[in-house]
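Chemist: Here's a structure for you.
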Amino acid sequence: MALNRSFNDALTAGIEQLRTDRVYKRLNYLDSPQSAHVEMEGRGDVLIFSSNNYLGLCDEPSVVQAGIDGLTRFGAGTGSVRFICGTFTVHRELETAIAALVGTEASLSYVSAW
């Protein structure tokens, strides 16, 4: 128990130091689609400068509809990596289009960039 208490004390002290240094991170909850302006819980309408939504496509109606169509056709996920559970035809279509765009024989996509 002493090790557990020591760890908890160190963790608590570390979190307090982050707060003191004003670098403690917290989650901000959005009540709207990701866009230049969002509805942020507890803050209302705010302007976002840190989004990766560079082209503003997160709430573009045609992109949203394409997502709905994809969910309807393929479901909500791959279930696992493509080599275990199979590759969706939409992945093959994407890879063919990318290869044509960049002028290569083939391309390969992954379901995650991380």
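Chemist: Averaging over every viewing direction, what projected area does the convex hull of the Cα atoms of segment 48-114 cover, in nm²? Show your work: numbers first, answer last.
Modeler: Working: hull surface 24.9 nm².
Its Cα hull, projected and averaged over all orientations, spans 6.2 nm².
Chemist: Continuing with this model, one more query. With runs of 4+ DSSP H residues as the only contributors, calculate the mean residue ellipticity of the chain at 222 nm using -39,500 (n - 2.57) per run, divided by the residue total and rounded to the nearest 500.
Modeler: Here the helix-only value at 222 nm equals -14000 deg cm²/dmol.
Chemist: Continuing with the same structure: Report, in degrees rounded to the nearest 10, the 0 to 90 angle that the Cα long axis of helix 2-20 makes with the longest principal axis of the chain.
Modeler: It works out to around 80 degrees.
Chemist: Distances over 14 Å make up what percent of all Cα-Cα pairs in segment 18-63? Before the final figure, lay out each step's value.
Modeler: Details: 589 of 1035 pairs.
Of all Cα-Cα pairs in segment 18-63, 57 percent lie more than 14 Å apart.
Chemist: Kindly provide the pair-distance distribution of the chain built from C-alpha pairs, with 10 Å bins from 0 and whole-percent values in order of increasing distance.
Modeler: Going from the shortest bin to the longest, the percentages are 10, 21, 26, 20, 17, 5, 0.
The numbers here are math on the coordinates, done by the rules we state, and not lab data. Worth saying up front: this structure is predicted, and the values here are computed from it rather than measured.
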